[in-house]
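The values are calculated or read from the model by the stated rules, or taken from the named source; none is laboratory data. Note that the structure is predicted; figures quoted are calculated from it, not measured. Backbone-built Cβ (ideal geometry, glycine too); neighbour counts: all protein chains shown. Side chains are part of the model used for accessible areas, which takes the heavy atoms of the whole protein and leaves out ligands, DNA and RNA. Shrake-Rupley method; radii C 1.70, N 1.55, O 1.52, S 1.80 Å.
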Amino acid sequence: MVSRITTFAFEGVTANPVDVQVQLSSGQSNFAIVGLADKAVAESRERVGAAFSSLGLSLPPKRIVVNLAPADLPKEGSHYDLAIALALLQAIEVIPNGALEDLAAIGELSLDGKIAVIPGALPASMAAVGLGKTLICPESCGPEAAWSGGQVLGAKSLMALISHFKGNQQIPSSKAGELKADVNVPDLKDVKGQEGAKRALEIAAAGGHNLIMMGPPGSGKSMLAQRLAGILPSLSAHELLEVSQIQSIAGTLEKGQLSRIRPFRSPHHSASMAALVGGGIKARPGEVSLAHHGVLFLDELPEFSSQVLDSLRQPLESGEAVISRANRHVKYPSRFQLIAAANPCKCGGGPSESMCRRKPACKADYIGRVSGPFLDRMDIFIDVPAVTAMDLTLPAPTEGSKEVAGRVLRARLLQEKRYENSSHSRKLNVDADTSAIDQFCTPEQSGVDLLMQAAEKLGLSARGYHRVLKVSRTIADLDGTEQIARVHVAEALNYRFRPITASKVSNDILKA
Ligand SMILES: [Zn+2]
C-alpha cells in the first residue's frame with residue numbers, strides 16, 4: 001500500500017504540487033528518496049530519522065521508498081521533510097489511514113522533532129487553496145499562510161501533529177497576520193527647499209517614470225528618494241498578494257504581517273549581479289523583484305559595476321527577472337520604478353560643484369561610467385543643488401506627502417481610465433507603447449514644433465523622444481488637462497539628460 005500527501009516545489013513564486021508517495025516493502029532495510037531531489041531533499045532522510053527517534057519511534061526494518069512525483073520537476077530545499085515524515089507516519093500506522101487525504105504539508109524538521117520555519121508558506125498556501133486542501137506548515141508561518149484565505153494548521157512539532165491526528169489535542173486553525181501600520185514612512189515635510197526636485201519626484205510618482213538625481217553629497221538626494229513610497233498610492237489587493245508572495249519566498253515576511261506601502265529597496269553599490277537580479281544556490285529573488293510594484297533606489301549610480309547595471313536592462317524592459325539554472329529558467333516579476341542618484345563628479349566631496357578642480361572632464365568621466373543605453377532608459381534627469389544656509393532657515397513646508405499623494409492619485413486615476421483596455425498590468429504613462437503614444441500623447445501643434453526642434457539639437461534617440469512625450473502626458477495629467485500643451489512639453493524637455501556640451505543649447509531652445 002502507498003501512503004501519500006501533497007507538498008510543493010517552488011519555481012519562482014509558483015508553488016507546483018508534488019505528490020509524496022511512501023511505500024514499505026519487504027527486503028533489505030533501506031531508505032531511498034527518488035524523483036529528481038537535490039542534496040537538501042536527500043538529507044531529509046537523516047532529519048526524518050532523527051526526528052522519529054526523538055519521539056521514540058524507529059523506522060521499520062524494511063525497504064522504504066519515497067517517491068516525489070512528477071519525477072521531471074526539480075525538487076530543491078528542506079521543506080519536503082514534513083510531508084515525507086507524515087506519509088511515513090501513516091505508512092507505519094502511527095496516524096490513521098485516510099487522515100492525510102485533503103492535506104498538503106511543508107516544513108523542515110529539526111533533529112528533536114520540532115518543525116522549523118521555511119520560506120514560501122504564502123504561495124504554498126495559495127496553491128493549496130487551488131487544490132481544495134488544508135495546509136500544514138510551521139506554527140510561525142501560519143499567520144503568513146492564512147492570508148490565502150484557506151484553511152491552515154500551524155504546527156509546532158511532529159508530536160503535536162500526531163496528537164492532532166489521533167484526536168487527543170486539536171491544532172487550532174491559524175489566523176492571518178495583521179496589516180502593518182504605515183507609521184514610519186518618511187514625509188516630504190522634512191525636506192526644506194529643493195522645490196524643483198520635489199516637483200520632479202511628484203511627476204515621477206504620477207506616471208511611474210524613472211528618475212535620476214545629480215547633486216553634491218548632503219544635498220538630500222537619498223532623503224528625497226526615501227519619500228517616494230509615501231507619495232505613491234498604496235498597493236491594490238492584487239498587488240499586495242504579488243508583492244507578499246515574493247517576500248514570502250525571500251523569507252522576509254515577519255510574523256505574517258503584510259504591508260500596503262510600496263516596497264522601497266536600496267541595495268549598496270557593491271551589490272553583486274545575483275543580489276540585484278536574483279540567483280544563487282536556491283535561485284532566490286533579487287532586489288529588482290523585492291522592489292516589484294515599488295521603488296528600486298540606486299544611490300551613487302556610477303559606483304555600481306557596469307556589468308551589474310547592464311543586467312538591469314532586461315528586467316527594466318520586460319518587468320521580469322530571468323535566472324538561468326542548470327537546465328531551466330526561473331522567473332520572478334520585477335516591475336519596479338528606478339530612482340538613481342549620483343554625485344556630480346568623482347571628487348564630489350565638496351559642498352558645491354565649483355570645488356572640483358578637474359571640471360568639466362571630471363564630471364563627464366564620472367557619469368560616463370554609466371552606459372548610454374542605461375541612461376537612455378531614464379525619463380527624468382534633475383540637478384539637486386547643495387542645501388544653503390538660507391534653505392535651512394526657511395519655515396517648514398506647508399505641504400507634505402499627504403497633499404502630494406492626493407495629486408499623484410488623481411493623475412493615476414486618469415491613466416487607469418485611459419489605459420483600461422491595454423494589456424499592461426500597470427495602467428501608467430510610462431508603460432504606454434507606440435500606438436498608445438500616438439493615440440494619447442500627441443501635444444498641441446506648438447508643442448510638437450518645440451519637440452521637433454529640440455530633438456534635432458539634442459540628438460534625441462527614438463526612445464528618448466517617446467520618453468519626453470510620456471513625461472509630457474504625465475505633466476498634463478497632473479494639470480488635469482486632456483490636451484498636452486507646449487508648456488508641458490517644455491517642462492518634460494527640461495528633464496531630459498543634458499550632457500555638459502548640450503546643456504546650453506537646450507536652455508537656449510527653451511527660452512526661444
Ligand atoms: Zn571633480
Step through the residues of segment 457-468 one at a time and calculate ³J(HN,Hα) from phi using the Karplus curve (6.51 cos²θ - 1.76 cosθ + 1.60, θ = phi - 60°), rounding each to whole Hz and writing x for Gly and Pro.
5, 8, x, 5, 6, 4, 5, x, 4, 5, 5, 4
Cβ-derived FRET efficiency at R0 51 Å, SER272 paired with SER173, nearest 0.05:
0.80
So if I place +1 on the C-beta of Lys and Arg and -1 on the C-beta of Asp and Glu, and nothing else carries charge, what would the dipole magnitude of the chain be about its Cα centre? I want it in debye, nearest 20.
600
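Ignoring ligands, DNA and RNA, how do MET126, MET214, MET452, MET390 rank by accessible area with a 1.4 Å probe, largest first? Show your work: numbers first, answer last.
Details: MET126 60, MET214 25, MET452 100, MET390 140 Å².
So the residues, ranked largest to smallest area, are MET390, MET452, MET126, MET214.
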Of PHE10, PHE31, which has the most accessible area with a 1.4 Å probe, and how do the rest follow in descending order?
PHE10, PHE31
Mean shadow area (nm²) of the C-alpha convex hull around segment 59-177 is 7.7
In deg cm²/dmol, rounded to 500, what helix-only [θ] at 222 nm does the chain give when every DSSP H run of at least 4 residues adds -39500 (n - 2.57) and the total is split over its residues?
-11000 deg cm²/dmol
On a straight-distance basis, which lysines could pair with LYS363 in a cross-link, Cα separation under 29 angstrom, same-chain partners fewer than 8 positions away excluded?
LYS192, LYS198, LYS221, LYS346, LYS457, LYS470, LYS504, LYS511
Sequence-separation-based contact order of segment 4-106, relative, with Cα cut under 8 Å and 6+ spacing, percent:
39
For LYS282 and ARG63, calculate 0.36 nm times their separation in residues minus their Cα-Cα distance, and state this gained length in nm to one decimal.
75.7 nm
Cα-based reach from LYS114 at 15 Å (exclusive), listing aspartates and glutamates while leaving out same-chain residues under 8 positions away:
GLU46, ASP81, GLU139
At 1.4 Å probe size, put LYS189, LYS363 in order of accessible surface, largest to smallest.
LYS189, LYS363
Any lysines whose Cα falls less than 27 Å from that of LYS331, other than same-chain ones fewer than 8 residues away, would be LYS39, LYS75, LYS133, LYS255, LYS282, LYS427
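Once the Cβ-Cβ distance between GLU317 and SER110 is put in as r, and R0 is 51 Å, what FRET efficiency do you end up with, to the nearest 0.05?
Values: r = 44 Å, r/R0 = 0.86.
With a Förster radius of 51 Å, E is 0.70.
Kirkwood Rh over Cα pairs of the chain into Stokes-Einstein at 10 °C, 1.306 mPa s: D in µm²/s?
D, rounded to a whole number, is 62 µm²/s.
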Surface accessible to a 1.4 Å probe, LYS457 within the full protein complex, Å²
130
In the chain the accessible area split gives carbon plus sulfur, as whole percent at 1.4 Å, a share of 52
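I'd like to check one number: the per residue accessible area of segment 105-149, probe 1.4 Å, reported in Å² as a whole number. Don't skip to the answer; put the middle values down first.
Values: 1450 Å² over 45 residues.
On a per-residue basis, segment 105-149 sits at 32 Å².
Assuming a ≥ b ≥ c are the square roots of the Cα gyration tensor eigenvalues, decide whether segment 219-321 counts as rounded (a/c under 1.5), prolate (otherwise, with a/b larger than b/c) or oblate.
Details: a/c = 1.80, a/b = 1.17, b/c = 1.54.
Cα axes put segment 219-321 in the oblate bin.
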Relative contact order [Cα under 8 Å, 6+ residues apart], segment 188-415, whole percent:
34
Say each of CYS362 and GLU399 gets a label point 7 Å from the Cα, pointing the same way as Cα to Cβ; how far apart are those two points in nm?
3.5
Förster radius 51 Å - calculated FRET efficiency between LYS457 and LYS192, Cβ distance, rounded to 0.05:
0.90
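Pairs of alpha-carbon atoms within less than 8 angstrom and 6+ residues apart define the contacts here; what relative contact order does the chain have, in percent?
Details: 1025 pairs, mean separation 64.5, N = 512.
Taking the mean separation of contacting Cα pairs over the length of the chain, I get 13 percent.
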Given the options VAL387, ILE339, GLY372, identify the residue whose Cα lies farthest towards the positive end of the charge dipole of segment 315-409 (+1 on Cβ of Lys, Arg; -1 on Cβ of Asp, Glu).
GLY372
Calc'd 3J(HN,Hα), segment 411-421, phi into Karplus 6.51 cos²θ - 1.76 cosθ + 1.60 (θ = phi - 60°), Hz, glycine/Pro = x, comes to 5, 6, 5, 4, 5, 4, 5, 4, 9, 4, 9
Along the principal axes of its C-alpha atoms, what lengths does segment 188-415 span, in descending order and rounded to whole Å?
56, 40, 33
ASP182 accessible area, assembled protein chains, probe 1.4 Å, Å²
100
What whole-number distance in Å separates the alpha-carbon centres of segment 57-110 and segment 425-440?
50
